[in-house]
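Structure first, then comments.
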Amino acid sequence: MSEREEQATGGTESGRGGSSGPEQPGGGGHGASGARGHSGGDPVATLLVLGASGDLASRLLLPGLARLLVSDRNEDPGHGHGASLQLVGAGSEDWDDDRWREVVTKAFADAEHHEDADRPGGWEAVCAVRDASRYRQVDVTDPDALTDLLHSCTAPVAVYFALPPAITATACENLVGKQLPESTRLVMEKPFGSDEASAHHLNEVVAQLVPEEHVHRVDHFLGTSAVLNVFGVRFANRLFEPTWNASHVERVDVVYDEDLGLEGRARYYDRAGALKDMIQSHLLQVLAVLAMDAPAALDEREFRDRKAQLLRATRLAGSPQEASRRAVYTAGRMGERDLPDYQSEDGVDPSRQTETLAEVVLHVDTWRWAGVPFRLRSGKGLGRARKEAVITFKPVPHLMEGLRGEARPTRLRLSFKPGTINLDLTVNAEGDPFDLEEATLSAQLGDSQLPAYGEVLAGVLDGDPLLSVRGDTAEDCWRILAPVIAAWEADEVPLETYPAGSGGPEPTETFPAV
Ligand SMILES: NC(=O)C1=CN([C@@H]2O[C@H](COP(=O)(O)OP(=O)(O)OC[C@H]3O[C@@H](n4cnc5c(N)ncnc54)[C@H](OP(=O)(O)O)[C@@H]3O)[C@@H](O)[C@H]2O)C=CC1
Ligand SMILES: O=C1O[C@H](COP(=O)(O)O)[C@@H](O)[C@H](O)[C@H]1O
């Protein structure tokens, strides 16, 4: 196993250092201005993708960029994101510009068929970026080579670290003390660090490089439409917000079940597992958006302050034995595919006991949410892709005599991808109005015209940190799950199994079917 593979999910092991970390709520780092709205600043001139030969770059980032360019929301054709953007790929592969452009061409191809491609300047903007793009072979952990590369790019440069997290951390540490081009933005993927201490250390490192508002800690689950869909339902209706609290809500379940297997990602996934891959990052962000107090405005300071406040109050609802569960899939049939036992997949080391399904129950210790269980669950190899937040309301305090049947709990289901809303209600039955039955009101929610990474890149290129994770929050997400990580590492919570293609481990009182 190469050193790089060993480092795939690691972070720096350094403890807390002495330099100033990101400012806690209210702003961040030395860039905190206290101003509302995003800092904007000069538009990004160069998007530098480090890790250009990797899966993220070719499968998500470059296609996202192409869709952003083709659908550019900037009304003025002379000033869209592609008007003068330079795309530079860099990595350890011995590629030349032509080889890189082949990768870009392939990744950009789908955008040509998007309806906006026919818009004047639409597809042309994509082709212009593709044809002018270039590649540099570089070992990003070589400080001089990386600094030289940065200075060879037109400023401002957005440096996208599409690298294994430990390599990202090393590259950043090596840049400390070097002069970076003016207004450089750093775009950091998840996982940010490998525990609270390493995330804190990484925050201290990046704070020495650029101001906090120029750091984009990416969580693609925070794409604009995902956030806005929750906010629209919660805050643009009089109905929900007065009942959105412990007096009326019985429980909240955030479920992200995938009908995907390992898909060749053992090098990364076998060291991460479902807890770090999905819950530590994405699902905690979803929880924060679902449960936060209403921001006064949708700007980065208000939004990120509310999110940070909510996560600071969040903790495991009991001991790891009571409030967490882990499982791994065994061989089974998932849809049309036979999935092998996870532990027999190429690149998987069974002794790591990596989980492919993780569940935790959290409490949010605030007046609003005291005592309400928030269950977060994500798994791979499941029979049905199910990606939704379910808010279960408490039963009515009294059901009048004369009505037959049960008033089942009202449930609001907010599904992601595609965005839908379903409200399960108890209503009078057809035929005999004394009988009760369940009915569901459904609606489609707005979907973004951009894929998630198009949204991410729009924020980066516009210099808008609204949807990126602030430094203090990145640390807090590790703090919340630290007891679970420690207990699982010590094998204090059994690793259950479930057949691929099934619904996962059997429901229990703590982890019920909803
Ligand atoms: N892939 C995905 O679906 C998603 C990934 N992410 C995150 O994105 C990041 C990258 O993941 P992913 O693309 O899957 O990983 P890959 O392993 O596919 O790609 C990593 C890239 O980094 C390059 N690299 C490694 N070390 C160096 C070095 N010292 N100098 C230069 N280049 C180097 C690799 O080159 P080489 O191959 O030559 O080693 C490769 O191009 C991770 O943080 C991951 O968590 C986030 C969401 C989704
Ligand atoms: O970051 C990740 O997310 C995906 C799920 O997100 P989606 O937008 O593709 O549905 C997950 O499959 C992957 O393991 C994880 O790294």
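The values are calculated or read from the model by the stated rules, or taken from the named source; none is laboratory data. This structure is a prediction, so every number in the text was calculated from the model and none was measured. Methodologically, a virtual Cβ is constructed for each residue, glycine included, from the backbone with ideal geometry; neighbour enumeration extends over all protein chains shown. Side chains included, ligands, DNA and RNA excluded: accessible areas come from the protein's heavy atoms. Shrake-Rupley method; radii C 1.70, N 1.55, O 1.52, S 1.80 Å.
When ligands, DNA and RNA are left out and all protein chains stay put, how many square angstrom of accessible area per residue does region 40-189 have with a 1.4 Å probe?
42
Taking 7 Å along the Cα-to-C-beta vector as the label spot, tell me the GLN86-THR420 distance in nanometres, rounded to one decimal.
That separation, rounded to one decimal, is 4.8 nm.
Let me check something: with ligands and nucleic acids excluded, how do TRP123, TRP100 order by accessible area (1.4 Å probe), largest to smallest?
TRP123, TRP100
Report, in deg cm²/dmol and to the nearest 500, the calculated mean residue ellipticity at 222 nm for the chain, where each DSSP H run with n ≥ 4 adds -39500 (n - 2.57) and the sum is divided by the residue count.
Helix-only estimate at 222 nm: -8500 deg cm²/dmol.
Which whole-Hz couplings ³J(HN,Hα) result when phi for each residue of region 408-413 is put into the Karplus expression 6.51 cos²θ - 1.76 cosθ + 1.60, θ = phi - 60°, listed in order with x for Gly and Pro?
6, x, 5, 10, 9, 10
What lysines could a cross-link reach from LYS387, if we take a straight Cα to Cα line under 24 Å and drop same-chain neighbours fewer than 8 places away?
LYS190, LYS276, LYS307, LYS417
Residue by residue, what Karplus-based ³J(HN,Hα) values in Hz, rounded to whole numbers, does region 399-407 have, using 6.51, -1.76 and 1.60 with θ = phi - 60° and x for Gly and Pro?
10, 4, 5, x, 8, 9, x, 10, 7
Suppose R0 equals 41 Å; then what is the FRET efficiency for ASP110 and ALA443 from their Cβ-Cβ distance, rounded to the nearest 0.05?
About 0.90, to the nearest 0.05.
Would you work out what percent of the accessible area of region 40-189, with all protein chains in place, is carbon or sulfur (probe 1.4 Å)?
Looking at region 40-189 in its full context, I get 45 percent from C and S.
Assuming R0 = 22 Å, what is the FRET efficiency of GLU406 and ASN245, from their Cβ-Cβ distance, to the nearest 0.05?
0.35
Around GLY503, which amide H atoms from residues at least 5 apart in sequence, or from another chain, sit under 5 Å from its own amide H, with H modelled in the peptide plane?
When sequence neighbours closer than 5 places are left aside, the close amide H contacts are GLY383.
Percent antiparallel among DSSP beta bridges with both residues in region 40-189, to the nearest 5?
0
Tell me, what ³J(HN,Hα) does each residue in region 190-202 have, in order and in whole Hz, if you take phi through Karplus 6.51 cos²θ - 1.76 cosθ + 1.60 with θ = phi - 60° and put x for Gly and Pro?
7, x, 8, x, 10, 6, 4, 5, 6, 5, 4, 4, 5
Please work out how much length the chain gains when fully extended from GLN208 to ASN237, using 0.36 nm per residue of separation minus the C-alpha to C-alpha distance, in nm with one decimal.
Result for the pair: 6.1 nm of gain on full extension.
With only Lys, Arg, Asp and Glu charged, each at its Cβ (+1 for the first two, -1 for the last two), find how big the charge dipole of the chain is about the Cα centre; round to the nearest 20 debye.
With only Lys, Arg, Asp and Glu charged at Cβ, the dipole is about 980 debye.
Give the value in nm², to one decimal: projected area of the alpha carbon convex hull of the chain, averaged over all directions.
In nm², the orientation-averaged hull projection of the chain is 25.7.
Give, as a single signed number, the net charge of other residues whose beta carbon lies under 12 Å from the beta carbon of ASP447, with Lys and Arg counted +1 and Asp and Glu -1.
0
Considering only DSSP beta bridges where both residues belong to the chain, give the percentage that are antiparallel (nearest 5).
55
Could you give the length gained by full extension between THR510 and HIS151, i.e. 0.36 nm per residue of separation minus their alpha carbon distance, to one decimal place?
Extra length available between THR510 and HIS151 comes to 123.8 nm.
Could you compute the net charge surrounding LEU48? Neighbours are other residues with a C-beta less than 13 Å from the C-beta of LEU48; K and R count +1, D and E count -1.
+2
Distance in nm between label sites at VAL396 and ASP118, each 7 Å beyond Cα in the beta-carbon direction?
5.3
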